[in-house]
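First the structure, in the form of structure tokens, and then the observations on it.
Since every read-out is calculated from the coordinates, none of them should be taken as a lab result. This one's a predicted model, so the numbers in the text were calculated from it and none came from an experiment.
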Amino acid sequence: MKHTPIRTCIGCRQTQSKRSLIRLVRTADGVVVDPTGKRAGRGAYVHAERSCWEAVLKGGQLERALRTKIDAETRAMLAQELNRLTGAEAVGVAQEGEGRATNAK
């Protein structure tokens, strides 16, 4: 029997197989979505569900998991990825996250 890697979604804290989650990775270029799950860098996993992505973009889970600050441009890119994955508008989520990030300084 082959071992199946298990990871935790940083949005809802539920565990699932690594292949069923989307990996976000911190690279020298910033935070990017890693569709292969093999890019070098510190990674975090999120379900392909709107509620998980909203929690990640609004809260500080992603910053804590990747041990980095997330700027407004990166939040907008992640909101676009959410839109692509769910087919729903995610602009409001990115804007709310921007306000939180500027107040935290």
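At 0.36 nm per residue, minus the direct Cα-Cα distance, what do Thr8 and Thr36 gain on full extension? Give it in nm, one decimal, please. Please report the intermediate quantities before stating the final value.
Working: separation 28, 0.36 × 28 = 10.08 nm, distance 1.72 nm.
Going from the current span to full extension adds 8.4 nm.
In whole Hz, with x marking every Gly and Pro, tabulate ³J(HN,Hα) for the range 55-61 from phi via Karplus 6.51 cos²θ - 1.76 cosθ + 1.60, θ = phi - 60°.
Once θ is set to phi - 60°, the couplings for the range 55-61 become 4, 5, 6, 7, x, x, 4 Hz.
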